[in-house]
Amino acid sequence: MSKLPVLILGARSDMARAVAHKFAALGHPIQLAARNAESMQADRMDMELRYRVPISLHEFDVLDTAHHGDFVAALPDLPGIAVCAVGIMGEQAVNEKDRAAASLVMRSNYEGPASILAELANRFDASGRGTLVGISSVAGERGRATNYVYGSAKAGFTAFLSGLRNRLAKRGVHVVTVLPGFVATRMTEGMDLPARLTAQPEEVAEAIAKAVERGRDVVYVRPIWRLVMLIIRSIPERIFKKLKL
Amino acid sequence: MKQSGWGRFPVIEAQVFRPRTETELAALLDRHKSVIARGNGRAYGDSAINRTATLQTSHFDKLIAFDTGTGQVVAEAGVLLGDLIAAFLPQGWFPLVTPGTKFVTIGGAIAADVHGKNHHKDGSFRACVDWIDVMGPDGKVTRCSRDENAVLFDHTLGGMGLTGIILRAAIRLRPVESGWIRQTTIPAPNLQAAMAAFEAEKDATYSVAWIDCLAEGEGLGRSLVMLGEHATRQDLAPAQRTQPFQTKRPPRRRVPIDLPAFTLNRLSVRAFNTLYYRAGERKSGEQIVDWDRYFYPLDAILDWNRIYGRKGFAQFQCVLPLDRAETGLSSLLRTIAEAGSASFLAVLKRFGPQDSPFSFPMEGYTLALDFPVTAKTLALLDRLDRITLYHGGRFYLAKDSRMRAETLRAADPRVASFKQARTDLGTTRRFVSTQAERLEL
């Protein structure tokens, strides 16, 4: 039986590309969705040569929520798995002062991803199958002074995914929440990240493929993050508010 | 950040950049006095380190085209040989020339003009390269081949990245019927026997010898000569024949920590060598092994470079001309055995003829060894340099981390013409590695 297509939303990021490679290597046709999709021709060719599966490019803007329905309707095949890797970090210092910048971060990490996944969820629900994967963030587990605008949007997205999972659990549709922790990507280039806590994009891809296969709900890429976040979540607020994290 | 080659010696503080596009690459080139490209860091020493700007090509990792008729693949410089195998072996194609690790980039393979176990038959990596795109000092990209911009082509192969930044290349793969190798092991009780085996087996596609460099006296140069042929479908067991490219992968092991320096000493290596040789004697004759185990036994142990401990290790690889090979090798091996330095890996191989402007191979015998870095072994390496020079040999720059400029000049009269080509191409001051500085290239 031929495998179902995998839709990658926000396909240009390092993490998204690693995920695309992983599922293509497993024999899935891949739909790469991004802004200015045409510029991903080299990626398309590369993946077709490596994995000999069909790779297609699809124009997609996560902020253009009005057209998300049209976008899904226009896909040549309804995907069996959809991975949302959309997101921008922005700069906290800017986000604090510039409300337009903050709004962009919130819309890109929460409103847009939630909108497209809602659309896909309804289609998957109707067909009684499918897996939705949302790449959220450990930053959404607790607001911190250094990135709470981004973190709050991710918190919203994490809650959305958990609600979606709850709704669809009995409908044959599976929802995976991915909390990657630090990942060595373009987004974090130039940051001084601790090596033990920092995953490579390929590790994230590996973890996602495994989570989809085994039907897992919430995955941290490096297990140590489960512990780190347990500690961070359990610090009492009156102490937490004074910490520099 | 701290940079070193695969030997983890020397360690040099260098600024590293990972450009994503040709435009970013050209901008970095424009901004810095000098740069050097770095692939996957598999050269052993400081070939791919520049203090002000080491430009890692890891984002240039795309396959561009493949011709199923001729087996020609066009790929960006950062693509690994292992990627080519993963993509094209299932379609019946294998690299024409491969070194002992599949974790080298195409750019690195071209820059070092690497060789494999088939050098005596097929030549160096150069043999499979149809053309190369090279970014020059002004950021302009030039395509070069045997017919077009031949000076650039000739000096980029083996030029250690000193003629520009290799962006992409067209290389030809060889058709194979399976992913299996028919391996024949010939025990050779001493150097003469090993060389005789190489000379007798010149028609074998692949040949290489593991050599016990702690054996002395009668047994000096005791070796296991290993020959290989790509297995045809007929050579395989019926079960393998239906899926001839499906070879099961053994689990990768990783050296988890730096082993303490005393782990590899004369005694432990001697014990290992003896056991290994005896096992080879017992297994002599023909076996079918998968491509990964045959070509890349060390790749199965990730980070094997850590077995030498924190201080790292230095490789030594020279080639001696045919007529001086036996006396020269005896002299090298005696010196090593007497010093009692434990070289865990020691490899001997017969090279075929090669005539290219700055590539390492020439007709004769090549010996490769590695030693943990200590004052004692560094002194030993200097002695080995002198013996090589005396016998008219030369050195492999991809392995070097400590040679002196005078040694290289004395060993290789081609240095002058290589430097002249660098001047003519305008690359002398623009593409510089710490190795090039040390060796005054």
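B:Leu259 fulfils the conditions (1) within 27 Å of B:Ala398 (Cα to Cα); (2) at pLDDT below 80; (3) in a helix (DSSP H, G or I) except for a single criterion, (3). On the given criteria, is B:Ala127 surrounded by fewer than 24 Cβ atoms within 10 Å (Cβ to Cβ), hydrophobic (A, V, I, L, M, F, W, C) and within 26 Å of B:Gly41 (Cβ to Cβ)? Taking the combined requirement at face value, the residue satisfies it.
The lone criterion from (1) closer than 16 Å to B:Ala111 by Cβ; (2) modelled with pLDDT under 95; (3) out of contact with any helix residue (DSSP H, G or I) (no Cβ under 8 Å at 6 or more places or on another chain) left unmet by B:Lys2 is number (1). Note on segment A:44-92: residues that are within 14 Å of another protein chain (Cβ to nearest Cβ) and out of contact with any Leu (no Cβ under 8 Å at 6 or more places or on another chain) total 5.
Rundown of residues vs (1) farther than 15 Å from A:Ala139 by Cβ; (2) within 14 Å of chain B (Cβ to nearest Cβ); (3) among the small types (Gly, Ala, Ser), yes/no style:
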| residue | (1), (2), (3) |
| --- | --- |
| A:Arg186 | yes, yes, no |
| A:Glu189 | yes, yes, no |
| A:Pro194 | yes, no, no |
| A:Gln200 | yes, yes, no |
| A:Ala205 | yes, no, yes |
| A:Lys210 | yes, no, no |
| A:Gly215 | yes, no, yes |
| A:Ile224 | yes, no, no |
| A:Leu230 | yes, no, no |
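Do we have B:Val97 as at pLDDT 95 or above, surrounded by 19 or more Cβ atoms within 10 Å (Cβ to Cβ) and within 9 Å of another protein chain (Cβ to nearest Cβ) here? For B:Val97, the condition - at pLDDT 95 or above, surrounded by 19 or more Cβ atoms within 10 Å (Cβ to Cβ) and within 9 Å of another protein chain (Cβ to nearest Cβ) - is not met. One residue is enough: does segment A:73-90 have a residue meeting the conditions part of a helix (DSSP H, G or I), surrounded by fewer than 20 Cβ atoms within 10 Å (Cβ to Cβ), touching a strand residue (DSSP E or B) at 6+ places or on another chain (Cβ under 9 Å) and of a type in the set (A, V, I, L, M, F, W, C)? Within segment A:73-90, one or more residues are part of a helix (DSSP H, G or I), surrounded by fewer than 20 Cβ atoms within 10 Å (Cβ to Cβ), touching a strand residue (DSSP E or B) at 6+ places or on another chain (Cβ under 9 Å) and of a type in the set (A, V, I, L, M, F, W, C). Does any residue of segment A:122-133 turn out to be crowded, with 17+ Cβ neighbours inside 10 Å, within 24 Å of A:Pro201 (Cα to Cα) and in contact with a His (Cβ under 6 Å, 6 or more places away or on another chain)? There is at least one residue in segment A:122-133 that is crowded, with 17+ Cβ neighbours inside 10 Å, within 24 Å of A:Pro201 (Cα to Cα) and in contact with a His (Cβ under 6 Å, 6 or more places away or on another chain).
The set of residues in segment B:57-88 being crowded, with 19+ Cβ neighbours inside 10 Å and more than 12 Å from chain A (Cβ to nearest Cβ) consists of B:Thr57, B:Gly71, B:Ala77, B:Leu81. From (1) in contact with a strand residue (DSSP E or B) (Cβ under 9 Å, 6 or more places away or on another chain); (2) away from chain A (no Cβ under 14 Å); (3) not in a loop (DSSP other than H, G, I, E, B), pick out the condition that doesn't hold for B:Gly45. Status for B:Gly45: all satisfied but (3).
Does B:Thr377 satisfy the criteria of being assigned to a helix (DSSP H, G or I) and either touching a His at 6+ places or on another chain (Cβ under 6 Å) or not acidic (Asp, Glu) (or both)? Criteria met by B:Thr377. Take the conditions crowded, with 22+ Cβ neighbours inside 10 Å, within 14 Å of chain B (Cβ to nearest Cβ), aliphatic (A, V, I, L, M) and touching a strand residue (DSSP E or B) at 6+ places or on another chain (Cβ under 7 Å) and apply them to A:Ala20. Does it pass? Here the answer is yes, as A:Ala20 does meet what is asked. Any residue at all in segment A:132-146 that is within 14 Å of another protein chain (Cβ to nearest Cβ), in a helix (DSSP H, G or I) and aliphatic (A, V, I, L, M)? No, that holds for no residue. Suppose we filter segment B:19-35 for residues that are surrounded by fewer than 19 Cβ atoms within 10 Å (Cβ to Cβ), within 13 Å of another protein chain (Cβ to nearest Cβ) and either in a loop (DSSP other than H, G, I, E, B) or of a type in the set (A, V, I, L, M, F, W, C) (or both); how many remain? Final tally of qualifying residues: 2.
The values are calculated or read from the model by the stated rules, or taken from the named source; none is laboratory data. All of these numbers come straight from a predicted model, not from anything done at the bench. So basically every Cβ, Gly included, is an ideal-geometry build from the backbone, and we count neighbours across all protein chains shown.
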